[in-house]
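One structure is given here, and the rest of the page talks about it.
The values are calculated or read from the model by the stated rules, or taken from the named source; none is laboratory data. Every value quoted in this text rests on a predicted model; they were computed, and no experiment measured them. Cβ placement follows ideal geometry from the backbone for every residue including glycine, while neighbour counts extend to all protein chains displayed.
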């Protein structure tokens, strides 16, 4: 189906072809314990965990 | 939609959600969650397109209004700003695999607008922003774990 006329001939906002990002599900699937890996990630973004920042 | 000044606009993001051939399972759950974000005032949907890419790479774009049985999403249709141009469709579809369908959504982060406006009034200027992929967090944690000495 054609795009609405208002979309044709206008300057776009995306700018350049978009590359496919890695699929998140695939990143947490490999390995012996994907559930444990997901829990670790959740812990990493939870407040109160010991600091790991080194600058 | 009420008129708002440029200073009051929140950051605008997009995402492309791909449904590989034969793997879509539309139950209305996505629409429900999207509308919940709109109704909560968290986001404002600026634009939506549905893209299909044939095996030969041909891309077709559908407007929200082209979809039959739009259901509750119909109430978004009149609010869309049609921001995306035809060029954008080609750029966004570059990420799609042949044979897939994708939903493209552009939204304004209404939740961020008051903070961004306050930052500007305070003399601040945005010099960087972005998203941290979950994959990067996993890699960082794994690198940390690998660096810990055995028994340490």
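Of all the residues in segment B:27-66, those that are over 18 Å from the mean Cα position of the chain (by Cα) and more than 27 Å from residue B:87 (Cα to Cα) number 1.
Within segment A:18-27, not a single residue is assigned to a loop (DSSP other than H, G, I, E, B), at pLDDT 65 or above, out of contact with any strand residue (DSSP E or B) (no Cβ under 7 Å at 6 or more places or on another chain) and more than 10 Å from every other protein chain (Cβ to nearest Cβ).
Hey, can you tell me all the residues within segment B:1-24 that are touching a residue at least 24 places away in the same chain (Cβ under 8 Å) and either farther than 22 Å from residue B:101 by Cβ or assigned to a helix (DSSP H, G or I) (or both)?
B:1, B:7, B:8, B:9, B:10, B:11, B:12, listed by residue number.
For the residues B:49, B:84, B:15, the requirement of being within 13 Å of chain A (Cβ to nearest Cβ), surrounded by fewer than 17 Cβ atoms within 10 Å (Cβ to Cβ) and either under 28 Å from residue A:10 (Cα atoms) or in contact with a strand residue (DSSP E or B) (Cβ under 9 Å, 6 or more places away or on another chain) (or both) singles out B:15. Residues in segment B:105-132 that are modelled with pLDDT of 90 or more and assigned to a loop (DSSP other than H, G, I, E, B) were compared, and the one that is surrounded by the most Cβ atoms within 10 Å (Cβ to Cβ) is B:124. Within the bounds of segment B:111-133, is there any residue that is away from every other protein chain (no Cβ under 11 Å) and touching a strand residue (DSSP E or B) at 6+ places or on another chain (Cβ under 8 Å)? Checked segment B:111-133: at least one residue is away from every other protein chain (no Cβ under 11 Å) and touching a strand residue (DSSP E or B) at 6+ places or on another chain (Cβ under 8 Å).
Here residue A:42 meets the list (1) within 7 Å of chain B (Cβ to nearest Cβ); (2) closer than 15 Å to residue B:139 by Cα; (3) at pLDDT 70 or above almost entirely, failing just condition (1). Would you confirm whether or not segment B:25-43 contains a residue that is modelled with pLDDT of 95 or more, within 14 Å of chain A (Cβ to nearest Cβ), surrounded by 12 or more Cβ atoms within 10 Å (Cβ to Cβ) and not in a helix (DSSP H, G or I)? No, every residue in segment B:25-43 fails to be modelled with pLDDT of 95 or more, within 14 Å of chain A (Cβ to nearest Cβ), surrounded by 12 or more Cβ atoms within 10 Å (Cβ to Cβ) and not in a helix (DSSP H, G or I).
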